[in-house]
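Heads up: the structure comes next, in structure tokens.
The values are calculated or read from the model by the stated rules, or taken from the named source; none is laboratory data. Worth saying up front: this structure is predicted, and the values here are computed from it rather than measured. Neighbour counts are summed over all protein chains in view; Cβ atoms, including those assigned to glycine, are modelled from backbone coordinates with ideal geometry. SASA here: full protein model, heavy atoms, side chains in, ligands and nucleic acids out. Shrake-Rupley method; radii C 1.70, N 1.55, O 1.52, S 1.80 Å.
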Amino acid sequence: MRYRVQIDGQDFDVDLDDSTVQVDGRPVHVEWVERDGQPGGLLSVDGRTAAVRGERDAEGGWRLRVDGEPVRADVADERALRARQVAGAAGRAAGPRPVRAPMPGLVVRVDVQEGQTVEKGSGLVIVEAMKMENELKAEAPGVVARIRVSAGQTVEKDQVLIEMAPVEAA
């Protein structure tokens with residue numbers, strides 16, 4: 001079975017069958033060990049071991065703790081990927097989506113200006129939440145149409161921070 005795995009914004013193609021795991025076409029050795037009476041387990045990938053705990057989030061992805069550090073992961077199988085492609089093709093005409101706060105926090109820095117053209121993956125704004133700085137990046141190429149926050153401002157979950165417009169609209 002083939003999966004697309006996104007970990008903190010980085011994409012990986014993962015192929016699983018009865019006896020092998022491949023990540024981006026490269027075979028890897030993976031082991032999972034349950035910990036007696038404790039949530040999560042130990043994950044070993046090519047000899048590197050980490051303690052992993054996780055739970056589903058509201059968007060259907062995973063909020064993980066890997067050796068105590070927060071990690072966001074999204075996993076989609078082939079069927080879900082096809083559905084996303086169809087939905088993406090239908091939604092592309094609407095243009096880039098607004099950038100929203102993933103959780104309550106404090107705006108540390110805004111790295112763009114209104115009217116600026118950005119590429120997919122460009123850093124837009126830094127929000128501190130739970131003592132961690134989170135860089136929010138552009139999901140697609142676009143133009144910064146309106147910045148609705150400034151450094152030092154407290155924001156709520158799902159609050160629109162930056163409105164984006166398609167590049168053609170600039």
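Things to note:
- Of the residues Val86, Val14, ranked by 1.4 Å probe accessible area with the largest first, the sequence reads Val86, Val14.
- When only Cα pairs below 8 angstrom with a gap of at least 6 residues are kept, the chain shows a relative contact order of 16 percent.
- All distinct Cα pairs of the chain go into the 1/r average, and the inverse of that average, the Kirkwood radius, is 18.2 Å.
- In the chain, helices alone account for a calculated mean residue ellipticity at 222 nm of -2500 deg cm²/dmol, with every DSSP H run of four or more residues adding -39,500 (n - 2.57).
- Positive dipole terminus of the chain, leading residue within Pro104, Val28, Ile162 (C-beta point charges): Ile162
- Helix 78-91 and the long axis of the chain differ in direction by around 10°, with both axes built from C-alpha atoms.
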